1. Roll a 1.4 Å probe over the protein heavy atoms and report the accessible area of TYR21 in Å², nearest 10.
2. Heads up, I need the accessible area for TRP34: 1.4 angstrom probe, whole protein in place, Å², nearest 10.
3. For segment 84-132, count all C-alpha to C-alpha pairs, find those more than 14 Å apart, and express that count as a whole percent of the total.
4. Can you give the accessible area of PHE26, probe radius 1.4 Å, in Å² rounded to 10?
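The values are calculated or read from the model by the stated rules, or taken from the named source; none is laboratory data. Note that this is a predicted model, so its numbers are computed, not measured. Accessible surface areas use protein heavy atoms only, side chains included; no ligands, DNA or RNA. Shrake-Rupley method; radii C 1.70, N 1.55, O 1.52, S 1.80 Å.
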Amino acid sequence: MNQFAQSTPALHAPMRLYAEYAVALFAAVLLVAWLWARRDRNPRSMASALWAPAGALLTHRCLGAATAVAAVAAVVMAFARVYVGVHFPLDVIVGLLLDAAVTCSGYLAVRPLLIRVAAGSSRTPPRPLLTTAERSLSR
C-alpha cells in the first residue's frame, strides 16, 4: 500500500479529504433513509431507518442504486483510511466484517420492537418525525 501511495501523489489530497470529511456523505445517507422511510408510511421501513440506514436502503424496493452507492462509498472510505495511513488493511477488513455482522444480527434481534414502536407512533406527538400518514383516530 505504501508503494501505491508513493506512486500516486495526485491522489493524496482527494483521499485525505475523503478520509476526513466523508462522514458528511454518510450523514446524508442517514437523512435520505429516514426521509424515504417516513414517506413510505410503512412501520417496517421506519424500523430499518431507525436501526441503520443500510437496512432502510436494503428494504426499500426502489433503492437498489442508492444501496450500491452507499456500499461503494463505505468501501472507498475504508480504502482512503488505509491509503492515508490512518489504519492497517487488516484492521479495515475486520472492521467492515464485524460492523456488518453486528448490524445485521442486532437488527434481526431488535426489529420486532422497532416495528411496534414505529407502528405505535401514529398516536404520539413525534408522529410527524416517523410518518407522513394522517393521525390515527383509533385509541
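1. Approximately 140 Å² of TYR21 is accessible to the 1.4 Å probe.
2. Surface accessible to solvent at TRP34 totals approximately 80 Å².
3. Value for segment 84-132 (Cα pairs over 14 Å): 66 percent.
4. Rounded to the nearest 10, that gives 60 Å².
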